[in-house]
Amino acid sequence: MSNSFGRVLTVTTFGESHGAAIGCVIDGFPPGLEMTAEEIRDELMRRATGQSRWTSQRKEAEDVQILSGMFEGRTTGTPIALLIYNTDARSKDYSKIAAQFRPGHADYTYHHKYGIRDYRGGGRSSARETAMRVAAGALARKYLRLHHGVEITGWLGQLGELVCDQRFDASVINTNPFFCPDAERVADLEAFMKKLWKSGDSVGALVKARASGVPLGIGAPVYAKLDGDLAAAMMSINATKGVEIGAGFASVAHRGTEHRDEITPEGFLSNHAGGILGGISSGQPVEVAVAFKPTSSLRLPGQTVDTAGNPIEIITTGRHDPCVGIRAVPIVEAMLALTLLDHILLHRAQCGDVPPQVPRIPT
């Protein structure tokens, strides 16, 4: 089982949803960055459950411990180990489905791959693992901002059939539980979620993120494409079913004259490429969108089989998100930050001595 990602900056996560703790080891992080556990926890609480009535009511303390890689408040360049103890797991909620395969979950595939599975909240396949991505991403995000001027913004682009970002105001995103950039849309989202909650069903979501100030020239043309690694990073997030870079799937309907991002001495005329050309950053904002499927854990009965192959009816009890995409915004931001920093360090290793080239198009 591969539990690490990154090329120069590597992050290895460990732990299960209902285990004693979850954690990660960050290797290759640059030395000298000032960081506190409180700063990391601030990011974790943006992702945490129990922050509103529209998410799972599991309430973890998210008290992150920095075990290594820091001295006198600064990163040392050695492996950074982070640990969070699970404090609000209710394993008994899953005892009834210990011998059942939840449809839409990894239960069936895990059973056949490993011959053993942790049925408590999904074990290793639980979205609980993503807390450590957000923790690691907090460091990457701060480093990118301070050393490269990179600013990362994520938001909810769509919830079910409701488009959320036709009117975009970045200052609104963190003022509501949906990470919605349109203040006038929040009431519609609340009404939608209230109706969905009562029905017992779930819905998917589209999360978008943008990184501005990304240095020109990071990435590579073949097997270390920035967009390729970015897509892989996003696809590794639980419940992801699609990733778009720039115009994404809308490119199918474009004409070449419309889609090509024409260049003038004053700047690019569009950004359908999402800030990446030939796997290498163009200096424009890097833009990504991630589609999340509806939650599969439902209190509504459905058909499945048990571990003996007998057909049964299943009802999943416990605390679950009616829409996992609501809490995914900080996770997408974190994976974007980690991928960008990894590629910046990779670029510095090979091409750090390449002098700035001309012309440089304003972005």
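Throughout, read-outs are computed from the coordinates displayed, never taken from laboratory work. Please read all numbers here as calculations on a predicted model, not as lab measurements. Don't worry about glycine lacking a Cβ; one is built from the backbone with ideal geometry, like all the others, and counts go over all protein chains shown.
Here are a few things to note about the model shown:
- Packing-based exposure ordering (other Cβ within 10 Å, fewest first) of Asp165, Asp321: Asp165, Asp321
- Long-range HN-HN contacts of Ile312 with modeled amide H, under 5 Å: Thr304, Val305, Asp306
- Taking the charge dipole of the chain about its Cα centre, with +1 at Lys and Arg Cβ atoms and -1 at Asp and Glu Cβ atoms, the residue from Ala224, Ile116, Thr10 reaching farthest to the positive side is Ile116.
- Summing Cβ point charges (Lys, Arg +1; Asp, Glu -1) relative to the Cα centre of the stretch 4-351 gives a dipole of roughly 900 debye.
- Under a 5 Å amide H cut-off, with hydrogens placed 1.01 Å from N, Leu33 pairs with Thr75 among residues at least 5 apart or on other chains.
- Coupling constants for the stretch 266-278 follow from the phi torsions by the Karplus curve (6.51 cos²θ - 1.76 cosθ + 1.60, θ = phi - 60°), and in residue order they are 8, x, 6, 8, 7, 9, 5, 6, x, x, 9, 10, x Hz; glycine and proline get x.
- Its alpha carbons considered, the stretch 4-351 gives a radius of gyration followed by a Dmax of 20.7, 68 Å.
- Exposure proxy order (Cβ contacts within 10 Å, fewest to most) of Tyr119, Tyr108, Tyr223: Tyr223, Tyr108, Tyr119
- The stretch 118-127 - phi-based ³J(HN,Hα) in whole Hz, Karplus 6.51/-1.76/1.60, Gly and Pro as x: 8, 7, 6, x, x, x, 6, 7, 5, 5
- Under Karplus coefficients 6.51, -1.76 and 1.60, residue-wise ³J(HN,Hα) of the stretch 287-294 in Hz, glycine/proline x: 10, 9, 10, 10, 9, 10, 6, x
- Least to most buried among Ser2, Ser202, Ser212, Ser95 (fewest other Cβ within 10 Å first): Ser2, Ser95, Ser212, Ser202
- Taking only the C-alpha atoms of the stretch 121-240, Rg followed by Dmax gives 16.9, 50 Å.
- The charge dipole of the stretch 192-267, taken about its Cα centre with unit charges on the Cβ atoms of Lys, Arg (+1), Asp and Glu (-1) only, comes to about 520 debye.
- Placing unit charges on the Cβ atoms of the charged side chains and taking the dipole of the stretch 4-351 about its Cα centre, the candidate lying farthest along the positive direction among Cys323, Phe29, Leu144 is Cys323.
- Geometric descriptor of the stretch 171-225, per residue, is 124 Å³ (volume of the convex hull of the Cα atoms).
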